[in-house]
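Structure first, commentary second.
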Amino acid sequence: MLTTLMAIVAVILCILFRILNVNSAPQKPQLYCQDQAFLASILKISPVLAEPYKPTRLWGFSGHVQTVVHSVIGRVKCPWPTGERVYVALPDETTLTYDLYQPLSSFEDDVTIAICPGIGNSSESVYVKTFVHFVQYHGYRCAVLNHIGVLANVKLTSPRIFTYGHTDDYHAMLLNLLEKHPNTRVVCIGFSLGGNIVTKYIGERGTNKLPNIIGGISICQGYNAIEGTKFLLNWQNFRRFYFYVMTESMRNIILKHKHVLLSEEVKRRHGLNEREIISAATLPELDEAYTRKVHNFRSVNDMYKWSSCISYLDGVNTPMVFINALDDPLVPEPLLEPIKDFAKNRSNALYVELAHGGHLGFYEGGLVYPNPITWLDRTLVSLVGSITMVQADKALKVS
């Protein structure tokens, strides 16, 4: 009996060690950059990129645990930054909101970080609040887009919510921001889906219309929605479970605003079947039943191709940094090859690849209880400083 019990305990411990990946050791990020002068400028202000990332010892080497802790618990001792909510009336009668946070310490440069959160997220998401509070104390202003339909206390004034690839809402936020602060320089930062939107925005518009943009940073996005969906539809590495959570999140947003989004007039105009929307088991099914019809795409694949930033990288002409983790359960390694190749062949582009961190986790320090500020928070602040310096050096050379 005792032998059997010991064997069961041994098996459980082996499984836990396998899941938590505790035998792993901290590793330095892999940096891919064709432009060595650009890389040197980045590392001058961001030496953290040349140092090993040290995840929380007991569970931080597991991408699944990092991802779940990030999505369920969020940040440790999360502060509540003080800002103002800005309301913008768009031409299609949509009410767009973003939250504007002023710097809490003096800084000689006027720099604003324009944040695009992940799918179904907003300025009220815990990881966004922690990051905003941290950068305020480093002298930066923050503008955070609230994806339309996400905030419970903001009513829809038109029959639409945010999408995966429309960049107009982000553009409207920037235009309004620059009316208030016309001399500020802007660094665009996108998390997950927001990384796709920011990269696509810079690629399709460049800096021609908004020269205030001096750079962009993308974190944990998948770059190609068509290929990414293929991976998320299978159960390997529990991806289908994560896809289910994403599907439920989108469906809940639609049903929360059912009286506007699924009114009889809207259903008739777009040929929507409410039962198909409610019963959709995956995001592609939900997009087939709702999203692609509302936005007049012939097929879901057409919509995914149009939405994916991979199709717009050739138009990126401003400094960009891309960050991904190899153990991100939502973004498998094959999706990272195109952005790796992009950074290897373009100036002013850097791809940062970490062995660990999960999806937007990047907790660090401690045995069980991590540091309040994550590796990602620290790194993003230093990268904003690096991009600002790169832009200042370029302006000095031109003059």
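The values are calculated or read from the model by the stated rules, or taken from the named source; none is laboratory data. Quick caveat: nothing in here was measured; it's all calculated off a predicted structure. Cβ sites come from the backbone with ideal geometry, for glycine too, and all protein chains shown count toward neighbours. Ligands, DNA and RNA are excluded from the accessible area calculation, which covers all protein heavy atoms including side chains. Shrake-Rupley method; radii C 1.70, N 1.55, O 1.52, S 1.80 Å.
Any residue in segment 287-305 that is open to solvent by 80 Å² or more (accessible area, probe 1.4 Å), of a type in the set (Asp, Glu) and either more than 27 Å from residue 67 (Cα to Cα) or outside any helix (DSSP H, G or I) (or both)?
No: segment 287-305 contains no residue that is open to solvent by 80 Å² or more (accessible area, probe 1.4 Å), of a type in the set (Asp, Glu) and either more than 27 Å from residue 67 (Cα to Cα) or outside any helix (DSSP H, G or I) (or both).
Here are some residues: 197, 219. Which one is out of contact with any Lys or Arg (no Cβ under 8 Å at 6 or more places or on another chain), at pLDDT 95 or above and closer than 23 Å to residue 251 by Cβ?
One residue alone meets the criteria, 197.
Would you call residue 217 within 18 Å of residue 348 (Cα to Cα), not in a helix (DSSP H, G or I) and not small (Gly, Ala, Ser)?
In short, yes.
Which of (1) of a type outside the set (Phe, Trp, Tyr); (2) open to solvent by 70 Å² or more (accessible area, probe 1.4 Å); (3) over 26 Å from residue 63 (Cα atoms); (4) assigned to a helix (DSSP H, G or I) does residue 245 not meet, given it meets every other one?
For residue 245, the failing item is (3).
Could you please tell me which pairs satisfy a Cβ distance under 6 Å, a separation of 6+ or placement on different chains, a first residue in segment 240-263 that is over 13 Å from residue 161 (Cβ atoms), and a second residue that is open to solvent by less than 70 Å² (accessible area, probe 1.4 Å) and outside any loop (DSSP other than H, G, I, E, B)?
Listed pairs, sorted by first residue: 243/232; 246/283; 247/283; 247/286.
When segment 105-159 is examined, which residues are found to be closer than 16 Å to residue 382 by Cα, modelled with pLDDT under 95 and among the aromatic types (Phe, Trp, Tyr)?
107, 131, 134, 137
Answer yes if at least one residue in segment 93-101 is farther than 17 Å from residue 170 by Cα, surrounded by 16 or more Cβ atoms within 10 Å (Cβ to Cβ) and in contact (Cβ under 8 Å) with a residue 12 or more places away in the chain, and no otherwise.
no
With the condition kept exactly as written, say whether any residue in segment 135-145 is without any contact (Cβ under 8 Å) to a residue 24 or more places away in the chain and either farther than 26 Å from residue 204 by Cβ or out of contact with any Pro (no Cβ under 6 Å at 6 or more places or on another chain) (or both).
no
A quick yes/no check of all residues on (1) at pLDDT 90 or above; (2) closer than 20 Å to residue 184 by Cα; (3) of a type in the set (Gly, Ala, Ser); (4) out of contact with any Ser or Thr (no Cβ under 7 Å at 6 or more places or on another chain):
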| site | (1), (2), (3), (4) |
| --- | --- |
| 61 | yes, no, no, no |
| 71 | no, no, yes, yes |
| 76 | no, no, no, yes |
| 98 | yes, yes, no, yes |
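Being among the small types (Gly, Ala, Ser) and in a helix (DSSP H, G or I) is the filter; apply it to segment 309-328 and report the residue that is least open to solvent (accessible area, probe 1.4 Å).
315
Within segment 329-340, take every residue that is more than 13 Å from the chain's Cα centre (by Cα) and in contact (Cβ under 8 Å) with a residue 24 or more places away in the chain and give me the one that is surrounded by the fewest Cβ atoms within 10 Å (Cβ to Cβ).
Looking at the filtered set, the residue picked out is 334.
Name every residue in segment 219-234 that is out of contact with any Phe, Trp or Tyr (no Cβ under 6 Å at 6 or more places or on another chain), open to solvent by 30 Å² or more (accessible area, probe 1.4 Å) and within 15 Å of residue 165 (Cα to Cα), in order of residue number.
Matches in segment 219-234: 224 only.
Considering only segment 134-149, I want to know if a residue exists there that is over 19 Å from residue 216 (Cβ atoms), within 17 Å of the chain's Cα centre (by Cα) and open to solvent by less than 30 Å² (accessible area, probe 1.4 Å).
Looking through segment 134-149, at least one residue is over 19 Å from residue 216 (Cβ atoms), within 17 Å of the chain's Cα centre (by Cα) and open to solvent by less than 30 Å² (accessible area, probe 1.4 Å).
Can you say whether residue 97 is within 30 Å of residue 24 (Cβ to Cβ), within 21 Å of the chain's Cα centre (by Cα) and hydroxyl-bearing (Ser, Thr, Tyr), as far as the supplied structure shows?
Criteria not met by residue 97.
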